[in-house]
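Undergrad: Quick one: this structure, given as structure tokens, is what I'll be asking you about.
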Amino acid sequence: MSVPGDCVGRAVSVAESLNVLTITSTELQQLLTDGAIRSVDLVDIYLSQITRENHDGLKLNAMISTTPKHILHEIAKSLDADREKGIIHSPLHGIPITVKDNIMTGPEFGLPTTVGSFALKNAVATSNAPVVDLLIKAGAIIIGKANLSEMTGWKGFGVTTGWSALGGQTQSPYIVGGFKDGDKLLGHSAPAGSSSGSAAGVAAGFSPLALATETDGSIVQPANRAALYGMKATVGRISTKGTAPWSPITDSIGGMAKSPQDLATLFDVLLQTRPSDTLTGTWSGQRVGVVDPNIWSFSPVICDPDLILIQQQRDELEAAVAKIQKDGAIVKRPVPLTSMDELVLDGDDALEQIWNHDFSAAWEEYLKGFKDISIKSIHDIVKFNRRNAEKELPPRYPGQQLLEGSIDATSIISHEKYEEGIKLIRNTARVEGIDKTLAEYDLDVILGPMDGRIPTIAAAAGYPVGTMPLGYSQTNGRPFGVCIIAGAGQEHKILRAMSAWEVSIGKRKPPSQMSGEHLLPPRTAFHAEFVDRK
């Protein structure tokens, strides 16, 4: 195709002014529609940002791998050609997205699916996970695989969120100086997890969107610490086939984005429905319950209390609730919610017993999806780690107790006890918990602090849960937000509330230590690509 000179100049100008830290996929789609930029150019821009900040620059370690450039260009050029013919697959057409590296991508991408482990360093899946096929059908461009807590967080005691032997320690782009060695699982310098790289990558401009998975907080906690909108879908509503599992009782799919509109667009594809149609940007008619923030916080075992931050979070939540009420929300507060103390089976955490019961068998099934690998079970991974302890069990994180426990018959509950546990968590968190509060107070959604275990209550119920940006720590600058939950299949209510939240509270802020960068490839290389098209 011949491109007029003025179009070349306009596209170069757009690329030079495009800020990947703030631009949304919705805004990118408009630029593509207007002919101001092409998808192949977006690929180059985002690859350049990954090169600049992943292993160099801030050394964020948010990505384990990127799709080979020639494959990305082939995909992007095909999508650009479709656009020129008037064929638009969805609002994600030609938009780059990262995929968490526990979600299988097929051989056509030239990417292994590692789950952060050297045991799976070269493991290539025989086919895409169904959720990846949904993205491809929608025209999204899989730009690479995001780092994560190794084995999605089920490896050993004391392993910090966002660390994997293969990918290293994911860093938050908001924390100047990065992760503080010795910080706890969810310490204030930690990125949270397990979808740590997914969140850090979107916040750092590696892509406008991320596809991820969640068992208990794995999407919403890292999205919270990256000032993103994130959501996990109702358990069972989206196929988790081809994703590294913990348990079918709590595992689900979700994503992260810089705006509610972007997140809704992603969920249009994931759910194959139109939740984006429900976004109004107003609180009119929305009924919101708010829990007492004073009774929801992290245990000191996983996060040292920061009294300045705790007070700041409570003050800003109070101000936010007052603002949304002024803007038209019908607010009920405080509303009750199931506590973690109620999710106990025979004196121990019921969820952890259920996860330990399911983990090994679920992984055996997952590993069948790889081509020609010697690793067939958790037993094999445990043995591999012992043989390769210098890489997999370093002095800082020498244990794999969770993996070992999942294959120790003496630590796995009986089938009868397992069924009892499922009945307990569902009845406590669902029937007597979220459902009861929603019904008794006539609510659409329930809000509360993200720094706490509300996502765990949603996990126990199997219900959707999201996070919305609120503020930034006066102590170290890390973002914090508000947790939002709804009933089964009510993702659209969460997204609708998010759209109103953004209007009331304002747009999120990009990482201050990255703001002001020129976020595109060198002009000469970029301009040459345009010249080649003439």
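The values are calculated or read from the model by the stated rules, or taken from the named source; none is laboratory data. What you see is a predicted model; the values in this text were computed from it and never measured. Backbone-built Cβ (ideal geometry, glycine too); neighbour counts: all protein chains shown. Just so you know, the surface numbers come from the protein's heavy atoms only, side chains and all, with ligands and any DNA or RNA stripped out. Shrake-Rupley method; radii C 1.70, N 1.55, O 1.52, S 1.80 Å.
Yes/no per residue for (1) in contact (Cβ under 8 Å) with a residue 60 or more places away in the chain; (2) aliphatic (A, V, I, L, M); (3) under 24 Å from Asp44 (Cβ atoms):
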| residue | (1), (2), (3) |
| --- | --- |
| Ser172 | yes, no, no |
| Ala200 | yes, yes, yes |
| Ala204 | yes, yes, yes |
| Pro208 | yes, no, yes |
| Ala212 | yes, yes, no |
| Asn224 | yes, no, no |
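Undergrad: Which residue, of Thr22, Thr66, is touching a strand residue (DSSP E or B) at 6+ places or on another chain (Cβ under 9 Å), more than 20 Å from Ser90 (Cβ to Cβ) and either open to solvent by 40 Å² or more (accessible area, probe 1.4 Å) or modelled with pLDDT under 95 (or both)?
TA: Checking each option against the conditions leaves just Thr66.
Undergrad: Check the stretch 3-17 and report whether any residue there is on the phi < 0 side of the Ramachandran plot, crowded, with 21+ Cβ neighbours inside 10 Å and modelled with pLDDT under 95. So that I can check it myself, show each step before the final result.
TA: First, pick out the residues of the stretch 3-17 that are on the phi < 0 side of the Ramachandran plot: 3-17.
Next cut, crowded, with 21+ Cβ neighbours inside 10 Å only: 11, 15.
Imposing the further condition that a residue be modelled with pLDDT under 95 reduces the set to 11, 15.
Yes - at least one qualifying residue is present in the stretch 3-17.
Undergrad: Residue under question is Ile143, and the condition is that it be open to solvent by 10 Å² or more (accessible area, probe 1.4 Å), hydrophobic (A, V, I, L, M, F, W, C), more than 13 Å from Tyr366 (Cα to Cα) and modelled with pLDDT of 95 or more; does it hold? Show your work before the answer.
TA: Working: open to solvent by 10 Å² or more (accessible area, probe 1.4 Å): no; hydrophobic (A, V, I, L, M, F, W, C): yes; more than 13 Å from Tyr366 (Cα to Cα): yes; modelled with pLDDT of 95 or more: yes.
So Ile143 fails the test.
Undergrad: Looking only at the stretch 69-103, filter to residues that are in contact with a Phe, Trp or Tyr (Cβ under 8 Å, 6 or more places away or on another chain) and touching a residue at least 40 places away in the same chain (Cβ under 8 Å); which one of those is surrounded by the fewest Cβ atoms within 10 Å (Cβ to Cβ)?
TA: Here is the first cut: in the stretch 69-103, the ones in contact with a Phe, Trp or Tyr (Cβ under 8 Å, 6 or more places away or on another chain) are 71, 96, 98.
Then drop every residue that is not touching a residue at least 40 places away in the same chain (Cβ under 8 Å), which leaves 96, 98.
On the way: Pro96: 26, Thr98: 30.
Here the residue is Pro96.
Undergrad: Filter the strands (runs of 3 or more DSSP E) completely within the stretch 228-291 down to those with at least 1 residues that are within 25 Å of Phe206 (Cβ to Cβ).
TA: 229-232, 252-257
Undergrad: Pick from Ser414, Ser339: which is of a type in the set (S, T, N, Q), under 27 Å from the mean Cα position of the chain (by Cα), open to solvent by 20 Å² or more (accessible area, probe 1.4 Å) and at negative phi?
TA: Matching residue, one of Ser414, Ser339: Ser339.
Undergrad: Now, a different point. Can you find a residue that is within 21 Å of Phe298 (Cα to Cα), touching a residue at least 40 places away in the same chain (Cβ under 8 Å) and of a type in the set (D, E, K, R) anywhere in the stretch 244-261?
TA: There is no residue in the stretch 244-261 that is within 21 Å of Phe298 (Cα to Cα), touching a residue at least 40 places away in the same chain (Cβ under 8 Å) and of a type in the set (D, E, K, R).
Yes/no per residue for (1) over 18 Å from Thr98 (Cα atoms); (2) aromatic (Phe, Trp, Tyr); (3) part of a helix (DSSP H, G or I):
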site: Phe157; (1), (2), (3): yes, yes, no
site: Ser172; (1), (2), (3): no, no, no
site: Ile175; (1), (2), (3): yes, no, no
site: Gly182; (1), (2), (3): yes, no, no
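Undergrad: Could you pull out the residue among Leu120, Leu134, Leu166 that is hydrophobic (A, V, I, L, M, F, W, C), over 29 Å from Leu18 (Cβ atoms), modelled with pLDDT of 95 or more and open to solvent by 10 Å² or more (accessible area, probe 1.4 Å)?
TA: Exactly one of Leu120, Leu134, Leu166 is hydrophobic (A, V, I, L, M, F, W, C), over 29 Å from Leu18 (Cβ atoms), modelled with pLDDT of 95 or more and open to solvent by 10 Å² or more (accessible area, probe 1.4 Å), namely Leu166.
Yes/no matrix, rows are residues, columns are (1) closer than 28 Å to Asp348 by Cα; (2) open to solvent by less than 20 Å² (accessible area, probe 1.4 Å):
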site	(1), (2)
Ile373	no, no
Arg386	no, no
Tyr397	yes, yes
Gln400	yes, yes
Glu420	yes, no
Gly433	yes, yes
Asp444	no, no
Gly462	yes, yes
Leu470	no, no
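Undergrad: Also: Right, Ser297: in contact with a Cys (Cβ under 9 Å, 6 or more places away or on another chain), touching a residue at least 60 places away in the same chain (Cβ under 8 Å), surrounded by 15 or more Cβ atoms within 10 Å (Cβ to Cβ) and not charged (D, E, K, R) or not?
TA: Considered against the rule, which asks whether it is in contact with a Cys (Cβ under 9 Å, 6 or more places away or on another chain), touching a residue at least 60 places away in the same chain (Cβ under 8 Å), surrounded by 15 or more Cβ atoms within 10 Å (Cβ to Cβ) and not charged (D, E, K, R), Ser297 comes out as yes.
Undergrad: With crowded, with 22+ Cβ neighbours inside 10 Å and touching a residue at least 24 places away in the same chain (Cβ under 8 Å) as the only criterion, which of Gly466, Gly489 stands out?
TA: Working: Gly489 fails: crowded, with 22+ Cβ neighbours inside 10 Å.
Being crowded, with 22+ Cβ neighbours inside 10 Å and touching a residue at least 24 places away in the same chain (Cβ under 8 Å) holds for just one of Gly466, Gly489, which is Gly466.
Undergrad: Looking at Pro305, Pro334 in this structure, which one is open to solvent by 70 Å² or more (accessible area, probe 1.4 Å) and over 17 Å from Gly448 (Cβ atoms)?
TA: After applying the criteria, what remains is Pro305.
Undergrad: Any idea which of (1) closer than 23 Å to Val344 by Cα; (2) within 26 Å of the chain's Cα centre (by Cα); (3) open to solvent by 10 Å² or more (accessible area, probe 1.4 Å) is the one Leu424 doesn't satisfy?
TA: It is condition (2) that Leu424 fails.
Undergrad: Counting only residues that are over 22 Å from the mean Cα position of the chain (by Cα) and among the aliphatic types (A, V, I, L, M), how many does the stretch 26-44 have?
TA: Within the stretch 26-44, residues that are over 22 Å from the mean Cα position of the chain (by Cα) and among the aliphatic types (A, V, I, L, M) number 5.
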